[in-house]
Amino acid sequence: MRLPTYFISHGGGPWPYMDDLRARMHILEASLVDIPRQLPQVPKALLMISAHWEETAFHVMSNPQPPMVYDYGGFPAHTYKVSYPAPGSPVLAEQLMDLLTAAGLPTQADAKRGFDHGTFAPLAVMYPEAQMPVVQVSLKTGLDPEQHLALGRALAPLRDEGVLIIGSGLSYHNLRYFGPQAKEPSSQFDHWLQQTLLESTPAERVEHLINWSKAPAARIAHPREDHLLPLMVAVGAAQNEAGVCVYHEENMFGGVVASSFRFGAIK
């Protein structure tokens, strides 16, 4: 049974491990809790493409017991000791690399890389038991939309094998432009995202995503597109299938309009 793909806005830092921040993220939390309920079956494994990992080739996490990567600063001491003890899957990692090689994409196994917060923060909410195998694939430096759409297309066969593909980023990511001042540009960019992902034909959707920087407020929403590129992977893995918005709020971080999306039918 084919699983859908997701692009999720993953929130800020280690928010599930901080009561005050988690309370402010209650709309996002509810959306993440609901994702497992949407699926037609329990996934056999999770494939995460996080905005917080970039390499010169598409690196694939191959460690059977991935460590933690505390890739944030200024948070309470206990957030640098949290653990998401999900197993890795060297078998799935090898399969991923075979798919990427067959697609002509540069790839490399990475036995040292651990879970960054783009993976462990949302999964701590979605799958708190941490029993499901999880493998991460990096972004590729240069952040070329077409290469990341191609990455998604290469990974698409895994959907028929019970692997849930999740692109983890943020639909708006400008750390210097949060709060009330972010309301207008994030709203403009989100409106473009909704039209592009939900109302365009598959061919139009791909064209718009390749040329995303021409969207309204694009470079305010994403001065650097690392948090948008996981979307390209999720779309590429479900390129001809419809999208729906599964999370939307108007006041994340005090003013940001943010969204998450699912691609592919649920049967």
Item to check | Considering residues of the range 171-196 that are in contact (Cβ under 8 Å) with a residue 40 or more places away in the chain and more than 22 Å from residue 118 (Cα to Cα) only, the residue nearest to the chain's Cα centre (by Cα) | outcome: 194
Next on the checklist: over 16 Å from the mean Cα position of the chain (by Cα) and buried (at least 21 other Cβ atoms within 10 Å of the Cβ): which single residue out of 123, 158 fits that description?
Outcome noted: 158
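Take residue 22 and tell me if it is surrounded by 15 or more Cβ atoms within 10 Å (Cβ to Cβ), among the charged types (D, E, K, R), assigned to a helix (DSSP H, G or I) and without any contact (Cβ under 8 Å) to a residue 40 or more places away in the chain.
Against the criterion (surrounded by 15 or more Cβ atoms within 10 Å (Cβ to Cβ), among the charged types (D, E, K, R), assigned to a helix (DSSP H, G or I) and without any contact (Cβ under 8 Å) to a residue 40 or more places away in the chain), residue 22 qualifies.
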Checklist entry - So is residue 100 farther than 27 Å from residue 31 by Cα, free of Cβ contacts under 8 Å to residues at least 60 places away in the same chain and assigned to a helix (DSSP H, G or I) or not? => result yes
Checklist entry - residue 176 is checked against (1) modelled with pLDDT of 95 or more; (2) more than 20 Å from residue 238 (Cβ to Cβ) and fails just one. What number does that condition carry? => result (1)
Next on the checklist: Checking residue 147 against (1) part of a loop (DSSP other than H, G, I, E, B); (2) surrounded by 18 or more Cβ atoms within 10 Å (Cβ to Cβ); (3) free of Cβ contacts under 8 Å to residues at least 60 places away in the same chain: exactly one of these is not met. Which one?
Outcome noted: (1)
Item to check | Members of the range 60-85 that are within 20 Å of residue 165 (Cβ to Cβ) and in contact with a helix residue (DSSP H, G or I) (Cβ under 7 Å, 6 or more places away or on another chain) | outcome: 60, 61, 62, 84
Checklist entry - Condition test on residue 29, is it in contact with a helix residue (DSSP H, G or I) (Cβ under 7 Å, 6 or more places away or on another chain) and of a type in the set (D, E, K, R)? => result yes
Checklist entry - Taking the condition out of contact with any helix residue (DSSP H, G or I) (no Cβ under 6 Å at 6 or more places or on another chain) and either of a type in the set (A, V, I, L, M) or surrounded by fewer than 18 Cβ atoms within 10 Å (Cβ to Cβ) (or both), does residue 3 pass? => result no
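Looking only at strands (runs of 3 or more DSSP E) that fall completely inside the range 151-266, which ones have 3 or more residues that are under 30 Å from residue 94 (Cα atoms), among the acidic types (Asp, Glu) and in contact with a His (Cβ under 9 Å, 6 or more places away or on another chain)?
none
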Next on the checklist: I'd like to check something: does the range 5-18 contain any residue that is of a type in the set (S, T, N, Q), within 25 Å of residue 139 (Cβ to Cβ) and within 13 Å of the chain's Cα centre (by Cα)?
Outcome noted: yes
Checklist outcome for this item: In the set 88, 142, 73, the lone residue that is small (Gly, Ala, Ser), in a loop (DSSP other than H, G, I, E, B) and at pLDDT below 95 is 73
Next on the checklist: Give me the residue from the range 89-106 that is of a type in the set (A, V, I, L, M, F, W, C) and more than 22 Å from residue 132 (Cα to Cα) and, out of that set, farthest from the chain's Cα centre (by Cα).
Outcome noted: 102
Checklist entry - Quick one: in the range 51-72, which of the residues that are closer than 18 Å to residue 8 by Cβ and among the aromatic types (Phe, Trp, Tyr) is surrounded by the fewest Cβ atoms within 10 Å (Cβ to Cβ)? => result 72
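The values are calculated or read from the model by the stated rules, or taken from the named source; none is laboratory data. All of these numbers come straight from a predicted model, not from anything done at the bench. FYI the Cβ positions are ideal-geometry reconstructions off the backbone, even for glycines, and counts take in every protein chain you see.
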